[in-house]
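Q: Below is the structure I would like to discuss, written out as structure tokens.
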Amino acid sequence: MTEGQTKTDFLGLTEEQIEFFKENGFVGPFDLYSEDEAPLLWNQAMIEMVTSANKPHNSTVINYDRHLDCNTLSDHISRPEIVHKLRSLIGDDILCWKTNIFKKAPGEAGTGWHQVETFVVGETTTSATPSLKYTEETDHLTQELTVWTAFSPAGRENGCLRYIPGSHKKWYYDESKPLTYSVESRSHDFFGYDYSELKLDKDWDPSDEQVVEMEMKPGQFVIFLAKCIHGSLPNVSDTTRLGFASRYVSPSVKVYEDVDSLSEFGDTISLDYHGSVLVSGEDKYGHNRIHDKNLNGHPFKKADTDEH
């Protein structure tokens, strides 16, 4: 352990929490930063993102992968409080392959229900290529996980996350179909896309399902499967809701194979910068490019597997 860390930082999930995850597709929230520390860390991250000498891309609407040039976020993705809980579900060998910033300003609408596993959503071509390719079966519960951390209040009034428990057990949407980007239509409530176009049963109404609203304090995080149907409420408060999603896979998963650029939200970025980060264990496969430092030379940390 390093200075300032405690034994509770290295706790995995309890048997009860693992069973809850298996049944529902999500688990949490968990404490990571104090309520006072979280916004200060985000302010520091914002400064680093503005002053970064080697940004991964120049898009102002595709807010992916700033952990690759922002030291605060580079350290965040491998925090032991996060990684040790992930190990309970995905095993000791873990890559962080992608991150997203989710900023919801006052008055901004909620995000519509969506469900993915290979992350082809947002592609507008007729032959969308998946971002993730699963190469083998696993003995663990999953090969893909998302951690969503609140850096501001994320209560109902701020636009908290919502889940449909147990929805990861069945496909309700066809993520392989292309979507059309539009910012004018009110029905396009999935970041400019109308995700309901992908419903397998057009008569199925997600509002009829049981919904869990995941309220979080600043500094808390939740773990979930992207296949668990999720969305968010509108922000009816007078403060901006700030969330950061870090996405993890087993090293056996191929990331962005045959994908050299992303076209989403009306913009396009090259993936020349991309590399995954080994946050735990080993990469025994060599499928993916691995960054051991961020684009500005800051070393990535890795949680030790003997600190269970």
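The values are calculated or read from the model by the stated rules, or taken from the named source; none is laboratory data. What you see is a predicted model; the values in this text were computed from it and never measured. All Cβ positions, glycine included, derive from the backbone under ideal geometry; neighbour counts span all protein chains shown. The protein model used for the area step is the full one, side chains on, heavy atoms only, and it has no ligands, DNA or RNA in it. Shrake-Rupley method; radii C 1.70, N 1.55, O 1.52, S 1.80 Å.
Q: Assuming Val116 fulfils every condition listed in (1) out of contact with any helix residue (DSSP H, G or I) (no Cβ under 6 Å at 6 or more places or on another chain); (2) more than 28 Å from Phe20 (Cβ to Cβ); (3) not hydroxyl-bearing (Ser, Thr, Tyr) apart from one, which condition is it?
A: Condition (2) is where Val116 drops out.
Q: Does Ser74 qualify as being under 16 Å from His298 (Cα atoms), assigned to a helix (DSSP H, G or I), polar (S, T, N, Q) and in contact (Cβ under 8 Å) with a residue 60 or more places away in the chain? Before you say what the answer is, go through the steps one by one.
A: Numbers: under 16 Å from His298 (Cα atoms): yes; assigned to a helix (DSSP H, G or I): yes; polar (S, T, N, Q): yes; in contact (Cβ under 8 Å) with a residue 60 or more places away in the chain: yes.
Taking the combined requirement at face value, the residue satisfies it.
Q: Now a separate question. Quick one: which of Tyr163, Tyr172 is among the aromatic types (Phe, Trp, Tyr), over 25 Å from Gly275 (Cα atoms) and buried (at least 22 other Cβ atoms within 10 Å of the Cβ)?
A: Tyr163
Q: Next question. Could you list all residues from the range 32-76 that are crowded, with 16+ Cβ neighbours inside 10 Å, farther than 24 Å from Asp292 by Cα and among the aliphatic types (A, V, I, L, M)?
A: Ala38
Q: With the requirement that a residue be in contact with a Cys (Cβ under 8 Å, 6 or more places away or on another chain) and basic (Lys, Arg), what does the range 42-57 give you? Lay out the reasoning, then the answer.
A: If we filter the range 42-57 for residues that are in contact with a Cys (Cβ under 8 Å, 6 or more places away or on another chain), which is where we start, we get 45, 48-49, 52.
Scanning the range 42-57 gives no hits.
Q: Now a separate question. Collect the residues in the range 250-288 that are in a strand (DSSP E or B) and under 16 Å from Ala303 (Cβ atoms), keeping them in residue-number order.
A: Ser276, Val277, Leu278, Val279, Ser280
Q: So in the range 183-208, with the set limited to residues that are of a type outside the set (A, V, I, L, M), surrounded by 12 or more Cβ atoms within 10 Å (Cβ to Cβ) and modelled with pLDDT of 75 or more, which one is farthest from the chain's Cα centre (by Cα)?
A: Trp204
Q: Is it the case that Asp258 is on the phi > 0 side of the Ramachandran plot, open to solvent by 50 Å² or more (accessible area, probe 1.4 Å) and at pLDDT below 95?
A: When the stated conditions are applied, Asp258 passes them.
Q: Next question, about the same structure. Say whether the condition of being open to solvent by 10 Å² or more (accessible area, probe 1.4 Å), aromatic (Phe, Trp, Tyr) and part of a loop (DSSP other than H, G, I, E, B) is met by at least one residue in the range 95-106.
A: No, the range 95-106 contains no residue that is open to solvent by 10 Å² or more (accessible area, probe 1.4 Å), aromatic (Phe, Trp, Tyr) and part of a loop (DSSP other than H, G, I, E, B).
Q: Please determine whether any residue of the range 295-303 is closer than 26 Å to Ala38 by Cβ, part of a strand (DSSP E or B) and touching a residue at least 24 places away in the same chain (Cβ under 8 Å).
A: Yes, the range 295-303 contains a residue that is closer than 26 Å to Ala38 by Cβ, part of a strand (DSSP E or B) and touching a residue at least 24 places away in the same chain (Cβ under 8 Å).
Q: Can I ask one more? Which residues, taken from the range 118-134, are at pLDDT below 80 and either on the phi > 0 side of the Ramachandran plot or in contact with a Leu (Cβ under 8 Å, 6 or more places away or on another chain) (or both)?
A: Once the filter is applied, which keeps residues that are at pLDDT below 80 and either on the phi > 0 side of the Ramachandran plot or in contact with a Leu (Cβ under 8 Å, 6 or more places away or on another chain) (or both), the range 118-134 yields Val121, Gly122, Glu123, Thr124.
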